[in-house]
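The values are calculated or read from the model by the stated rules, or taken from the named source; none is laboratory data. Values in this document were obtained by computation on a predicted structure and should not be read as measured data. Glycine also receives a Cβ, built like all others from the backbone with ideal geometry; neighbour counts cover every protein chain displayed. Surface accessibility is based on the protein's heavy atoms, side chains included, excluding ligands, DNA and RNA. Shrake-Rupley method; radii C 1.70, N 1.55, O 1.52, S 1.80 Å.
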Amino acid sequence: MFLPCRQALQFVLRRHNCRLFSVSQSSRNARKGLVLGVYEKDKNGDSTRFTEAGAAFDTSVSGKLSQMLTISGPPLKKGRSRVFYGLHEDFPTVVVVGLGNSSAGVCGKENWDICKENVRAAVATGCRVLQGLEVPVAEVDPCGDGQSAAEGAVLGLFDYDDLKSKKKFKVTPQLYGSTDRAAWEKGVLYGEGQNLARWLMESPANYVTPTVFADTIEQKLASHSDRVVIYKRPQVWIEEQQMGAFLSVSKGSEEPPVFLEVHYNGNPDNSKAPLVLVGKGITFDSGGISLKPPSGMDAMRADMGGAATVCSAIVTAAALRLPVNIIGLAPLCENMPSGKANKPGDVVRAKNGKTIQVDNTDAEGRLILADALCYAHSFNPKAVVNAATLTGAMDVALGSAAAGVFTNSDWLWGQLQKASVITGDRVWRMPLFQHYSRQVTDSQLADLNNIGKYSRSGGACTAAAFLREFVKADHWAHLDIAGVMSNKDEVPYLRKGMSGRPTRTLVEFAAGLVSES
């Protein structure tokens with residue numbers, strides 16, 4: 001018996017809202033949309049629970065939003081959205097998004113902050129709805145966490161379409177209201193930093209060569225020249241440093257190698273030991289003579305994901321003006337087959353003098369990182385963290401749920417894990433047993449074998465054990481990000497494609513060192 005009344009009310013509201021929308025010239029000119037959050041009802045709740053900004057907006061329109069939300073369907077679930085038109089002349093389009101449970105927090109089982117993840121996902125959904133409706137400006141409810149809201153908006157709207165004739169409609173996200181302004185601006189910088197890494201990883205290898213990669217990072221840091229020094233080391237310098245492992249990989253390509261060295265001097269006290277971030281920078285990995293299968297090889301344009309995340313994290317740290325000293329190192333080259341390339345069974349000599357038997361040329365990332373790690377210790381660092389899309393075995397082990405972390409330091413693990421809970425880019429600690437070290441030191445021709453005694457046995461663990469042979473620091477961690485390099489819809493606020501993970505975690509980790517000191 002209530003159905004006719006409900007339908008009549010819906011008709012009246014639609015008619016009223018359409019009239020307001022059609023006659024408002026300012027609405028047509030402004031073309032602004034609004035994204036507002038709403039929480040799921042508590043068990044004993046009997047009414048819609050808006051965020052603070054949502055409640056204020058609902059009051060400004062005399063309760064029409066809550067009224068329409070009630071009659072338009074069932075209560076809004078987490079991650080879902082609903083669009084309303086003509087409620088307010090300044091905002092012709094209003095998207096309400098579900099935030100889930102308001103009492104959600106850090107989940108020990110999932111190792112992330114559920115509330116932050118819900119905000120990111122919901123805001124990304126709302127902004128994409130407005131993008132589909134070609135609304136150029138999206139004002140966003142901070143949803144109680146301005147930083148996470150900004151991250152969701154910036155990350156959710158990114159799409160690599162540089163080389164397409166038809167572009168995605170451009171939407172500019174802005175904060176709705178004046179609260180959480182500082183947190184919002186911080187979140188924008190976090191999101192833009194990860195998007196830089198995504199752009200570098202997604203770009204074709206003939207567009208982002210080692211030289212172009214280094215030039216791009218230099219350009220991004222140009223406005224911070226008062227705190228940043230950049231060295232683009234050429235092949236001659238690499239040879240002078242006796243980085244034989246790095247050179248053995250690069251010699252198979254016509255593209256010249258570059259050793260990118262970035263110094264961010266955020267702390268005026270030069271006596272403070274720096275944090276050194278090292279990233280694998282293979283701008284295209286064919287596998288070399290140990291050629292990869294053709295299926296999926298195009299994704300190997302992103303094999304410099306470690307360098308992309310490390311350098312993008314430093315760009316973000318500089319934009320945030322974090323009071324910490326960071327040195328970024330990125331050995332950049334291609335791994336290609338040619339008459340000059342490494343051959344299986346070749347022996348090369350690393351910067352520290354150790355010889356390496358190269359039994360598989362597709363295990364090249366650990367070779368270039370070995371020389372970079374040796375060089376890293378010349379700065380007497382507080383900690384060394386290297387990131388690399390190092391092994392397919394890590395994708396098999398953890399999938400895209402988390403990056404694997406191998407470390408010799410409980411303190412460093414704690415810092416990285418704490419940062420990942422905040423950012424939602426989870427990490428998981430992996431073993432570094434002596435069993436794996438024995439595999440890489442048992443070589444027929446040299447001090448070390450680049451894939452271990454039993455070939456691919458041990459996978460990511462054996463690769464990490466190999467890297468540890470070049471580590472002197474008391475606090476060192478290796479992040480194998482092969483599993484998280486791309487997004488296949490697992491992270492709702494990232495579109496399909498290269499993910500740029502864990503850029504935000506590295507930034508949050510560096511910021512955590514500041515607060516700790």
Practice problem: Would you work out which of 464, 86, 137 lies farthest towards the positive end of the dipole of the chain, given +1 charges on the beta-carbon of Lys and Arg and -1 on that of Asp and Glu, about the Cα centre? | Solution: 86
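Could you work out the relative contact order of segment 324-373? I mean the mean sequence separation of Cα pairs under 8 Å and 6+ apart, divided by the number of residues, in percent.
Values: 39 pairs, mean separation 17.3, N = 50.
Relative CO of segment 324-373 lands at 35 percent.
Just to confirm a number: summing +1 for Lys and Arg and -1 for Asp and Glu over residues other than residue 384 whose beta-carbon lies under 10 angstrom from that of residue 384, what do you get?
On the way: positive: 382, 472; negative: 474.
Net charge around residue 384: +1.
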Exercise. Using a 1.4 Å probe over the heavy atoms of the protein chains, calculate the carbon and sulfur portion of the accessible area of the chain as a whole percent.
Key: 52 percent
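If the chain between residue 355 and residue 80 were fully stretched, how many nm would it gain, using 0.36 nm times the residue separation less the Cα-Cα distance? Walk me through the numbers on the way to the answer.
Values: separation 275, 0.36 × 275 = 99.00 nm, distance 5.64 nm.
Length difference between fully extended and current span is 93.4 nm.
Rounding to the nearest 20 debye, state how big the charge dipole of the chain is about its Cα centre with +1 on each Lys and Arg Cβ and -1 on each Asp and Glu Cβ. Display every interim value, and only then the final one.
Working: 57 positive and 52 negative charges, 277 e Å.
Here the size comes out at about 1340 debye.
Divide by every residue of the chain the summed helix terms, -39500 (n - 2.57) for each DSSP H run of at least 4, and state the resulting mean residue ellipticity at 222 nm, rounded to the nearest 500 deg cm²/dmol. Present the calculation step by step, with values, prior to reporting the outcome.
Working: 17 runs with 202 residues, N = 517.
Taken over the chain, the calculation gives -12000 deg cm²/dmol.
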Quiz item: Which distance in Å, rounded to a whole number, links the C-alpha centroids of segment 303-344 and segment 113-133?
Solution: 30 Å
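For the chain, what is the accessible area per residue in Å², given a 1.4 Å probe and the full set of protein chains? Walk me through the numbers on the way to the answer.
Numbers: 21370 Å² over 517 residues.
Here the residues of the chain average 41 Å² of exposed surface.
Please report the relative contact order for the chain, taking Cα pairs under 8 Å with a sequence separation of at least 6, and give it as a percent rounded to a whole number. Walk me through the intermediate numbers first.
Working: 1191 pairs, mean separation 70.5, N = 517.
For the chain, the relative contact order is 14 percent.
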Quiz prompt | Placed amide H near residue 290: partners under 5 Å, 5+ positions off or other chain | solution = 361, 362
Quiz item: Tell me, in nm to one decimal, what length is gained between residue 137 and residue 291 on full extension, where the rule is 0.36 nm per residue of separation less the Cα-Cα distance?
Solution: 50.7 nm
Quiz item: At a probe size of 1.4 Å, how large is the accessible area of residue 88, to the nearest 10 Å²?
Solution: 50 Å²
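Compute the length gained on full extension between residue 71 and residue 298: take 0.36 nm times their separation in residues and subtract their Cα-Cα distance, giving the result in nm to one decimal. It would help to have the intermediate numbers written out before the result.
On the way: separation 227, 0.36 × 227 = 81.72 nm, distance 4.89 nm.
Fully extending the segment from residue 71 to residue 298 adds 76.8 nm.
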Quiz item: Sequence-distant or interchain residues sharing an amide H contact under 5 Å with residue 78, placed H: which?
Solution: 100
Self-check item: the chain: antiparallel DSSP beta bridges as a percent of all, rounded to 5
Solution: 50 percent
Quiz prompt | Cα centroid of segment 135-165 to Cα centroid of segment 258-292, whole Å | solution = 29 Å
Quiz item: How are the C-alpha pair distances of segment 305-396 spread across 10 Å bins, as whole percents from the shortest bin up?
Solution: 13, 39, 33, 13, 3
Exercise. Work out the charge dipole of segment 43-152 with +1 on the Cβ of Lys and Arg and -1 on the Cβ of Asp and Glu about the Cα centre, then indicate which of 69, 57, 124 is farthest towards its positive end.
Key: 69
Practice problem: Mind listing the long-range amide H neighbours of residue 408? Cut-off is under 5 Å, sequence gap 5 or more, other chains count too, H placed in the peptide plane at 1.01 Å from N. | Solution: 476
Quiz item: Are there trypsin sites (Lys or Arg not before Pro) in segment 41-147 that DSSP puts in a loop and that have at most 12 other Cβ atoms within 10 Å, and which ones?
Solution: 43, 77, 109
Self-check item: Calculated FRET value between residue 229 and residue 515, using beta carbons and R₀ = 35 Å, to 0.05
Solution: 0.90
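For an R0 of 56 angstrom, estimate the FRET efficiency from the Cβ-Cβ distance between residue 52 and residue 242 and round to the nearest 0.05.
On the way: r = 60 Å, r/R0 = 1.08.
Given R0 = 56 Å and the Cβ-Cβ separation, E is 0.40.
Under the definition of Cα pairs under 8 Å and six or more residues apart, what whole-number percent is the relative contact order of segment 102-232?
Details: 149 pairs, mean separation 28.5, N = 131.
The value is 22 percent.
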